[in-house]
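Okay, so here's the structure we're looking at.
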Amino acid sequence: MSSFDRINNTYFNYINGEWIASESNKTEASTNPAKMDEVVGYFQKSTQGDLNKAVSSAKQAQQQWKKLTGNVRGDFLLKTASILESRVDEVAETMTKEMGKTFPEAKGETLRGVAILRYYAGEGLRSVGDVIPSTDSEALMFTTRAPLGVVGVITPWNFPVAIPIWKMAPALIYGNTVVIKPASETAVTCAKIIDCFASAGMPAGTVNMVTGSGSVIGQGLAEHPDVNGITFTGSNTVGKKIGQAALARGAKYQLEMGGKNPVIVAEDADLDLAVEATISGGLRSTGQKCTATSRVIIQSKVYEVFKEKLLAKVKEITVGDGMQEGIWMGPCANKNQLDTVLSYIEKGKLEGAALLYGGNRLQDGNTGSGYFAEPTVFENVNTNMVIAQEEIFGPVLVLMKVESIEEALSLANDVEYGLSASIFTTNISNMLSFINEMDAGLVRINAESAGVELQAPFGGMKQSSSHSREQGRAAIEFYTSIKTVFVK
Ligand code: NAP
Ligand code: MG
């Protein structure tokens, strides 16, 4: 059976090396936020019973998978990478149609997925431990690494290829098997990635996908006694629940959650560069990145000039269906997301912030059939306002004026989140203050807040994370346990 029933446009679960329908006999539609009545595909509305089968097949498969050499496991990832690369246009188009980001962005993300697979294939041949001098002259002491066992993967819709892959690839290379529950919004995109693993000949049970609701399948994974580690990216509310469920049964967990990321524009900054990065960081992917720039903190001396340059560029943004050429910003991912964005804009107005640009749903011409919001800019925003504190996850920038860099840093840190932050400055002491004082897992100088490189650690501070790190070599810390070996 293939991943997909062409006649009914229906995608299946992938369990124990087979594409199968849920025992519920129910499916759900995945729709296009740029064309509300377009169904991209139907996915399985799975049950706890489906999940149990997937977990037990992962548990069984892990006994053999962990015995393979890293080199052999790496070959499977390399094959998966080549298959995904050959299907890049198809996968990217599915992503654009399911969640709205523009096709070039979706393509870039899919190619990043390919690169991540290749990076972790290489991890299969890199060292996993240290030799540590023993106090016993006749002993050899060293560390090695053991896989956790079965890893549960729960992912959001905003990076539907990169995030599943940056969790599954390290899990697999270090000898774990995987059960993924993707975001319902992007279940079809996930089925296509899983199909690449399947086509690469991954042994049955090593990779499993079960789609369905977060509260049944997601929570079910977090609570399942045979799931040894759970890795989650998504909202803080859901992340906390998952962390608690995992903690309650002593499973390892990793949570990457929201952000409210600042950019500081110093009076000595290259303003054109700062404008470009603020727009790219804040509004690409319709502001739906956890690392998106949300608060723009500007020194008063350059405030007016920066503001005018920013507005001029924001006005040029083309909004529409991300499959169309010339479109820079797509729709919000779904109706809920659009409603949330519009309600934050209303809160901003009520609290007395000044709306400089945008603020409305777009409903004329092509945008009438989708969930489009205007790129929006507020000023006269103070730090206690809801729009300065809560993650909006939409195309909204708030401008804040400060006198000094000290004041800028204190505002930048005045939120519960600490994922990413950037500063534009040519002054070395501003740079050093920013590096030292900024409470964020990712600090970027003269570069937008939303930049991630797959070979470097990624994760947040404060409420943005469970304080673990993903990607690069840092991933080994979550997906394995250290075993200290003493031989005499
Ligand atoms: P979400 O609502 O928390 O959903 C994330 C995943 O959790 C989805 O697969 C969802 O399934 C599932 N889920 C929902 N309720 C659940 C429950 N009670 N128990 C277990 N799982 C459950 O987040 P989202 O709206 O998809 O994504 C947006 C959020 O992700 C933002 O806050 C953003 O900042 C964050 N994010 C963080 C990072 C990072 O690395 N820090 C990266 C990207 C996004 P359903 O789809 O079926 O509901
Ligand atoms: Mg959709």
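Numbers below:
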quantity	calculated
With eigenvalues of the C-alpha gyration tensor scaled by 5 and rooted, segment 1-142, Å	39, 22, 13
Contour minus Cα-Cα distance for Thr318 and Gln60 (0.36 nm per residue)	87.8 nm
DSSP bridge orientation in the chain - percent antiparallel, rounded to nearest 5	45 percent
Asn413 paired with Lys347, simple spin-label distance in nm, labels 7 Å along Cα-to-beta-carbon	2.5 nm
Efficiency of FRET from Cβ geometry, Arg249 and Met1, R₀ 35 Å, rounded to 0.05	0.55
Phi-based couplings in Hz for segment 258-273 (Karplus 6.51, -1.76, 1.60; Gly and Pro marked x)	x, x, 9, 7, x, 10, 9, 10, 7, 5, 9, 6, 6, 5, 5, 4
Of the trypsin sites (Lys or Arg not before Pro) in segment 106-206, those whose Cβ has at most 15 other Cβ within 10 Å and which sit in DSSP loop	Arg126
Largest to smallest accessible area among Asp5, Asp37 [probe 1.4 Å]	Asp37, Asp5
Translational diffusion of segment 221-340, µm² s⁻¹ [Kirkwood Rh, Cα pairs; Stokes-Einstein; 4 °C; 1.567 mPa s]	75 µm²/s
Anisotropy class of segment 33-103 from Cα gyration tensor, a/c 1.5 cut	oblate
Positive dipole terminus of the chain, leading residue within Thr206, Ile154, Cys190 (C-beta point charges)	Thr206
Rg/Rg_globular for segment 261-453, with Rg_globular taken as 2.2 N^0.38 Å and Rg from C-alpha atoms	0.97
Fraction of accessible area attributable to carbon and sulfur, segment 261-453 (%, probe 1.4 Å)	45 percent
Solvent-accessible area of Trp19 with every protein chain in place, 1.4 Å probe, in Å² to the nearest 10	10 Å²
Label-to-label distance, nm, for residues given as Gln48 and Leu273 (7 Å Cα→Cβ offset)	5.6 nm
Per residue value of the accessible surface for the chain (all protein chains in place, 1.4 Å probe), Å²	39 Å²
Student exercise, segment 261-453 dipole from Lys, Arg, Asp, Glu Cβ charges, in Debye to nearest 20	420 debye
Förster radius 41 Å - calculated FRET efficiency between Asp439 and Glu18 (Cβ-Cβ, nearest 0.05)	0.30
For segment 176-259, alpha-carbon Rg and Dmax in angstrom	13.2, 38
Solvent-accessible area of Asp75 with every protein chain in place, 1.4 Å probe, in Å² to the nearest 10	70 Å²
For segment 251-312, Kirkwood radius (reciprocal of mean inverse C-alpha pair distance, Å)	12.7 Å
Largest to smallest principal axis extent of the C-alpha atoms in the chain, angstrom	68, 67, 40
Residues of segment 461-488 with amide N under 17 Å of the 7 Å Cα→Cβ point at Ser134	483-488
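The values are calculated or read from the model by the stated rules, or taken from the named source; none is laboratory data. This is a predicted model, so every value here is computed, not measured. Glycine also receives a Cβ, built like all others from the backbone with ideal geometry; neighbour counts cover every protein chain displayed. Surface areas here come from the heavy atoms of the whole protein model, side chains and all, with no ligands, DNA or RNA. Shrake-Rupley method; radii C 1.70, N 1.55, O 1.52, S 1.80 Å.
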